[in-house]
1. Can P281 be described as assigned to a loop (DSSP other than H, G, I, E, B), within 22 Å of the chain's Cα centre (by Cα), buried (at least 19 other Cβ atoms within 10 Å of the Cβ) and modelled with pLDDT of 95 or more?
2. Go through (1) touching a strand residue (DSSP E or B) at 6+ places or on another chain (Cβ under 6 Å); (2) within 16 Å of H62 (Cβ to Cβ) one by one and return the number of the condition K327 breaks.
3. Among the residues of the range 385-431, what is the count of those that are more than 18 Å from T130 (Cβ to Cβ) and polar (S, T, N, Q)?
4. Specify which of the listed residues (P347, P305, P364) is assigned to a loop (DSSP other than H, G, I, E, B), more than 17 Å from L48 (Cα to Cα) and touching a Pro at 6+ places or on another chain (Cβ under 6 Å).
5. Taking the stated definitions as given, is V119 surrounded by fewer than 19 Cβ atoms within 10 Å (Cβ to Cβ), over 30 Å from D52 (Cα atoms) and touching a strand residue (DSSP E or B) at 6+ places or on another chain (Cβ under 7 Å)?
6. With respect to T230, determine if the residue is polar (S, T, N, Q) and either within 30 Å of P352 (Cα to Cα) or outside any helix (DSSP H, G or I) (or both).
7. With the structure loaded, tell me whether L164 is of a type in the set (A, V, I, L, M, F, W, C), surrounded by 15 or more Cβ atoms within 10 Å (Cβ to Cβ) and in contact with a Gly (Cβ under 8 Å, 6 or more places away or on another chain) or whether it fails that test.
8. For the range 387-431, give me each residue that is among the hydrophobic types (A, V, I, L, M, F, W, C) and in a loop (DSSP other than H, G, I, E, B).
Amino acid sequence: MRVARVFFRAPMPTMAALHEDYGPTFCLNLFGDRVVSTIDPETIGKVLVDRDGVFVKDWVTHGLARFLGDGLLTSENPIWRRQRKLIAPSLSRRHIERYAEAMAGAAERYADKVRAGDVVDIHADMARVTLEIVVETLFGAAFSGDPSVVGAGIDEAMHDFELLVRSWRRLVPERVPLRARTRMEAASAALHAQVDRIIRQRRESGELGDDLLSRLLAARDESGAAMDDTQLRNEALTLFVAGHETTANALTFALKLLAEHPEIDAKLKAEVAEVLGGRRPTAADLAQLPYTDAVVKEALRLYPPAYIIGREATRATELGGWTIPEKTTVLVSSWVLHMQPSLYDDPMAFDPQRWLDGRTDGLPRHAYLPFGGGPRICVGNHFAMMEASLVLATLAQRLRFERTERDPLPLQYAVTLRPARPLPMRARVLA
């Protein structure tokens, strides 16, 4: 019970300490749940690739269906397999390149508003930038109103979801109208109504553009069937959350790290200046920005927004030398995994060069998991990497950020890994 209480207060430091004491794979009991935690790449591969069909998403992930619906993140076969085939083509590298202008444009508009000496909450600002991007790329001209209202609704629903699953509230029966539960249901209903309205208006207009919603409306499975409106809404909300929350967190941590390491920031700016010469970056420029890509990869290693992956065994199976019974939850912490000295030289250091000098070339498969792995790897991983790189390159031409305090940044281990409080930074405008 004591371990469980400590785990829910600080899950990743607790996991790191337990792995240090008990090795790469261990078992524990969390409030009556059987849990196996592993950071062994080979064992992780067995869970995530799951050739025998043993593992499904854990109960926490399935719980997200309360406000995301039965979308790609929360569904299982056969719904998941059908939806993956319908959605994946719209998020391929080739297709998402056309969204590069929207990504860089949103970063430019943000930079235009910042004045020299401004102290900004960089996390809130990156949330607004990524919110603008996801609204434009997902809904296009179909969206009317204030995007921040949708963003606030998602934040409220996710906050209350956290209260329900990571506290004593998880033990209270569903029929009990807890305040967090009723708030989450109200926020979810409002979000569903807004997205349902957008889908209905787009269908009635008959006009399809190049945004992701248009692509999803036009998608057909092998039988020629399209998604119904409920499934469209579930997938749109899932893409909205994934494209907004996780990338905002990744950019926040990247900018924090660059502010703390001015020599790395200077190297990034030198590369961007040489390649772009002051112009807006495009998707075609990314191949010539390897250090920018390495900065993003290294920030995702140290601060993976998807910091933990959960699976549940549907039947008894062997795993990492253990025989685990049915309904055992298996946790894979990418945060702890990425900090292992057996995998990464000087793992606590922010060192983008490790991705360019060959030190990571021999990493075992499933040793780097910012987007998960196996067939259920995040379908938007290319979108997220392109977005983070383009926003970072755009800002690097215009601004330099400095931390206004020396205190370590406390982390919130919520649905995603995020700062636990505002992150004030002072902006310097570059000539």
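The values are calculated or read from the model by the stated rules, or taken from the named source; none is laboratory data. Computed from a prediction, not measured in an experiment: that's the story for all the values here. As a convention, Cβ positions derive from the backbone with ideal geometry for all residues, glycine included, and neighbour counts pool all protein chains shown.
1. Criteria not met by P281.
2. (1)
3. 2
4. P347
5. Spelling it out, V119 is indeed surrounded by fewer than 19 Cβ atoms within 10 Å (Cβ to Cβ), over 30 Å from D52 (Cα atoms) and touching a strand residue (DSSP E or B) at 6+ places or on another chain (Cβ under 7 Å).
6. Judged against the criteria, T230 is not a match.
7. yes
8. The answer is L409, A414, V415, A420, L423, L430, A431.
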